[in-house]
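What follows is a single structure, written as structure tokens, with notes after it.
No lab work stands behind these numbers, since they all come straight from the coordinates. The structure displayed is predicted, hence computed values, not measured ones. Glycine also receives a Cβ, built like all others from the backbone with ideal geometry; neighbour counts cover every protein chain displayed.
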Amino acid sequence: MVDRLRFLSILREQQEWKERAFYPRELTLPVTQRILTLIGPRRAGKTSLLLAHAHKTRGLYLSLEDPRLEGLQGKDLPDMLRFALSMLPADWLYLDEIQNLPGWERAVRLVHDTTRAHIVLTGSSSRLLSREIATSLRGRSMSRILLPFSYREAQRVKRLTLEDYWEEGGFPEVVLGQLTPEEFAREYIDVLVMRDLVERYALRRPRLMRALVSLLLDANAREITARRLAERLREAFHTSKETVYTYLEYVEEVFAFFFLERYAMKMHERLRWPRKVYVIDPVLTRLARQTPDRGRLVETLVFLEFMRMRNTHPLLRLSYWRHQQGEVDFIIDGLAHRLLIQVTLTSELPDREVRGLKACLREVDGVPLVLAPLPPGEIDVGGRKGFILPLDQFFQQPEQTLEDAIRLA
């Protein structure tokens with residue numbers, strides 16, 4: 001049983017956690033009258049970000065993962081928090097691992113409606129998804145996604161080259177040297193498959209899910225379809241395209257992989273065509289059966305930078321373009337101009353990249369850009385002015401680099 005005084009005592013002790021040393025993150029939490037939800041993959045640093053933000057504000061941090069709160073029910077939380085706020089006045093309430101509280105949805109809505117505090121929620125990606133939050137809170141919430149360390153954030157933690165980052169990614173435990181990349185990748189995939197996927201969705205075929213995850217790691221930054229994946233899995237598992245399609249939805253829901261649609265004006269074409277798959281962090285490709293292509297690792301990290309940009313540009317839309325005449329890695333809509341972007345690691349501009357941009361421009365209007373390990377400069381793309389943007393400059397200042405190119409266009 002957790003009474004008011006016991007709850008207040010636990011809450012006071014938890015405030016001491018805010019005094020820990022934390023590494024600064026780029027993501028800022030906006031002041032809003034809506035409930036702010038912090039989402040993203042497991043072990044990307046959501047709790048650390050919450051505590052660091054709580055340290056800088058007049059806020060109360062509450063971890064509902066604390067075993068001493070066992071027995072606390074959602075119906076009790078509003079009264080407990082109102083009592084706590086009368087003793088410990090605060091402008092912010094940080095509710096961590098909220099899914100551990102039975103009946104949390106109604107409790108959070110009531111706290112939001114009866115207090116003036118700004119509310120921030122986090123939940124484990126295996127038990128609390130953004131779509132569940134949006135449904136449960138009935139339009140009262142807005143989300144921000146936290147991904148592993150960006151290159152800028154990783155550099156603030158330790159000295160590393162851009163090449164190191166391409167190979168090892170940005171999960172805090174790897175960057176901080178707490179686990180080797182191989183140790184982390186093995187442990188992460190084990191937990192991802194068994195806890196986030198098999199247990200959450202009550203899957204009866206864990207070996208099938210593990211095999212599918214392996215195929216997706218092999219296919220990183222390439223096109224995939226449920227039909228092709230099912231064909232590769234059918235002999236060993238006698239599975240169907242429909243089952244594979246459902247499993248693909250599951251791995252996307254728990255932030256294991258992102259799927260990028262091919263550009264098309266018509267919705268039915270976007271749904272019919274293949275999608276490209278991107279893993280949540282390049283370190284996990286250490287478990288791929290094939291040696292990862294470094295160019296595709298860099299393309300993955302560029303994609304993840306675009307996902308981070310959605311926190312400040314919520315209308316930003318991503319796709320890729322492909323035709324018999326070529327391919328364009330990314331099409332970005334939602335900024336001042338549409339951008340057509342190629343990513344390459346070659347030290348000389350490949351004809352293939354330019355040909356893809358030329359072919360795309362016949363169908364899609366936009367500013368052609370090439371991200372490459374080259375000095376900045378202009379290029380001619382079928383009579384259209386395009387730009388070379390240095391990869392190191394992009395990873396240091398992604399948004400500013402794109403804005404500068406837009407101004408020159």
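Some notes on this structure:
- Label-point separation, residue 180 to residue 234 (7 Å along Cα→Cβ), nm: 4.0 nm
- One chain, two ends: residue 399 and residue 246. Fully extended at 0.36 nm per residue, the span grows by 51.6 nm beyond their Cα-Cα distance.
- Gaussian network model of the chain, springs between alpha carbon atoms under 10 Å - residue of 31, 298, 283 with greatest fluctuation: 31
- Overall, segment 10-57 carries a charge dipole of about 160 debye about its Cα centre when +1 sits on the Cβ of Lys and Arg and -1 on the Cβ of Asp and Glu, all other atoms neutral.
- Per-residue Cβ neighbour rank within 10 angstrom, fewest leading, 191, 244, 213: 191, 213, 244
- Extension gain, residue 159 back to residue 79 (0.36 nm per residue minus Cα-Cα distance, nm): 24.0 nm
- Under the Karplus curve 6.51 cos²θ - 1.76 cosθ + 1.60, θ = phi - 60°, whole-Hz ³J(HN,Hα) for segment 401-407, x wherever Gly or Pro sits: 4, 5, 5, 4, 5, 5, 5
- In a reduced charge model with +1 at each Lys and Arg Cβ and -1 at each Asp and Glu Cβ, segment 1-151 shows a dipole moment near 380 debye about its Cα centre.
- Part-to-part distance (alpha-carbon centres) for segment 152-187 and segment 216-241, which is given in Å: 29 Å
- Rounded to the nearest 20, the Cβ-based charge dipole of the chain about its Cα centre (Lys and Arg +1, Asp and Glu -1) stands at 1060 debye.
- For segment 48-84, the residues whose backbone nitrogen is under 19 Å from a point 7 Å from the Cα of residue 199, taken along Cα to Cβ, are 64-71.
- When the Gaussian network model of the chain links Cα atoms closer than 10 Å, the mean-square fluctuations of 17, 166, 321 top out at 17.
- Cross-link pairs beyond the 25 Å C-alpha cut-off, checked among 46/241; 46/276; 276/358; 18/158: 46/241; 46/276
- Loop-located GluC sites (Glu not before Pro) in segment 322-388, at most 13 other Cβ atoms within 10 Å (DSSP): 348, 363
- Ranked by how many other Cβ atoms sit within 10 Å of their own Cβ, fewest first, the residues 18, 241 fall in the order 241, 18.
- Each label point was placed 7 Å from the Cα along the Cα-to-Cβ direction; for residue 312 and residue 272 their separation is 3.9 nm.
- Helix 4-15 vs. the chain, principal-axis angle (Cα, 0 to 90°, nearest 10): 40 degrees
- Using the Cβ-Cβ distance between residue 33 and residue 351 with R0 set to 56 Å, the FRET efficiency works out to roughly 0.55.
- Sites residue 190 and residue 8, calculated FRET efficiency, Cβ-Cβ separation with R0 30 Å, nearest 0.05: 0.15
- Of the residues 109, 156, 407, the one with the fewest other Cβ atoms within 10 Å heads the list, and the complete ranking is 407, 156, 109.
- Acute angle (nearest 10 degrees) that the helix 104-114 long axis makes with the longest principal axis of the chain, alpha-carbon atoms: 70 degrees
- Computed label-point distance, nm, for sites residue 16 and residue 384 using a 7 Å Cα→Cβ extension: 6.1 nm
- You can think of it this way: the chain between residue 225 and residue 56 has 56.2 nm of extra reach, that is 0.36 nm per residue less the Cα-Cα gap.
- Here's the picture: charge each Lys and Arg Cβ at +1 and each Asp and Glu Cβ at -1 in segment 4-145, and of 139, 94, 63 the one pushed furthest to the positive end of that dipole is 139.
- For the chain, the longest principal axis of the C-alpha atoms and the axis of helix 294-309 are separated by about 50°.
- Taking 44, 202, 288 as the candidate residues, the one with maximal mean-square fluctuation in a Gaussian network model of the chain, Cα springs under 10 Å, is 202.
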